[in-house]
Amino acid sequence: MKIDRLIGILSVLLQRDRITAAELSERFEVSRRTINRDIDTLCQAGIPVAAMQGNGGGLFLMEGCRIDRTLLTSADMSAILAGLKSLDSVSGTNSYRILMEKLSLGSSVTNDHIIIDLSYWDKSAAADKIELIKSAIENSEKISFEYHAPTGESRRMIEPYHLVFQWSSWYVWGYCTSRCDYRMFKLTRITKLKRTGEKCGVREVPTYICNKVRHTTGGREVKVKFSPAVKWRLIDEFGIDSFSVNEDGSVTTTFAWSDIPAFYNYILTFGENAEILEPEEYRKGLAELLNKISKKYET
């Protein structure tokens with residue numbers, strides 16, 4: 001948007017003694033002609049932008065034009081910029097970078113020791129979807145897509161309300177019209193995503209609550225023994241207090257799991273470093289699954 005770019009240019013001019021139109025053109029990804037029109041607009045608004053020709057010249061604000069920016073400390077600004085950079089890592093546009101230009105304190109903020117990269121290896125896997133969903137949310141518009149889940153494929157239409165980054169992945173949370181309830185959908189499992197042009201219904205949207213252990217609540221209690229080699233994973237995923245250490249160095253943990261096929265798949269990610277101890281039917285269930293897998297590789 002032009003107003004965003006104008007504010008961004010003004011912020012740059014406040015931070016720099018001089019900057020060329022070519023630099024602004026590259027920074028904001030527009031033509032030189034557009035930058036020149038923006039400078040004219042700023043001048044018409046009463047902001048005294050001057051230009052100096054020749055070597056070392058460029059655009060600058062005339063003496064006395066300054067804005068007090070002491071409401072935020074450098075530490076405050078560093079935290080804000082770190083958050084904006086994290087969003088920019090998955091953005092398909094330069095909108096967050098332009099916002100950083102508006103807020104940046106220039107050379108006074110040089111603290112870049114916090115780096116938050118939310119992007120996937122394949123940035124295109126989420127960036128376009130995030131921008132489309134964000135636009136749909138802002139316009140209260142339904143979206144439709146095909147969803148690929150362990151239980152199968154389905155066509156869904158939802159009223160999107162939140163883009164959520166948790167469990168190391170991006171999700172969209174909203175009201176699913178086919179399930180008549182609020183659901184969470186992982187972006188990488190979404191295909192054929194599109195805006196429908198249909199407005200969302202008028203409803204009281206409940207507060208979104210992050211259920212970190214959604215798949216480990218309910219169901220039957222299970223006891224699993226893990227080798228010392230994967231102790232780090234249990235600490236990483238469940239915390240240091242989630243298991244007890246045995247005399248031989250192995251660790252044992254007890255938890256409930258509502259989705260049994262998902263539980264088997266989870267245990268298999270540990271390979272030979274995990275063993276189900278209880279209940280016996282789960283031991284047999286996993287053994288049957290392993291037998292089916294083994295038969296696929298018999299010659």
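Compactness ratio of the range 137-263: Cα Rg over 2.2 N^0.38 Å, N = residue count?
On the way: Rg = 18.8 Å, N = 127, 2.2 N^0.38 = 13.9 Å.
Taking the Cα Rg and dividing by 2.2 N^0.38 Å, one obtains 1.36.
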Once amide H atoms are placed 1.01 Å from N in the peptide plane, what residues at a sequence separation of 5 or more from Glu278, or on another chain, have their amide H within under 5 Å of its amide H?
Lys223
Assign unit charges at the C-beta atoms only (+1 for Lys and Arg, -1 for Asp and Glu), then state the dipole size of the range 220-296 relative to its Cα centre in Debye, rounded to the nearest 20.
380 debye
Going from the alpha-carbon gyration tensor of the range 244-294, what semi-axes, largest first and in whole Å, does one get by taking the root of 5 times each eigenvalue?
20, 13, 10
Taking 0.36 nm per intervening residue step and subtracting the Cα-Cα distance, what contour gain separates Asp17 from Thr151 on full extension?
42.2 nm
Provide Rg and Dmax in Å for the range 2-61, with only Cα atoms included in the calculation.
10.4, 30
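Any read-out appearing in this document is the output of simple, stated calculations on the displayed coordinates, not a laboratory observation. Note that the coordinates shown come from a computational prediction; the quantities given were computed from them, not determined experimentally. Note that we place each Cβ from the backbone using ideal geometry, even for glycine, and neighbour counts take in every protein chain shown.
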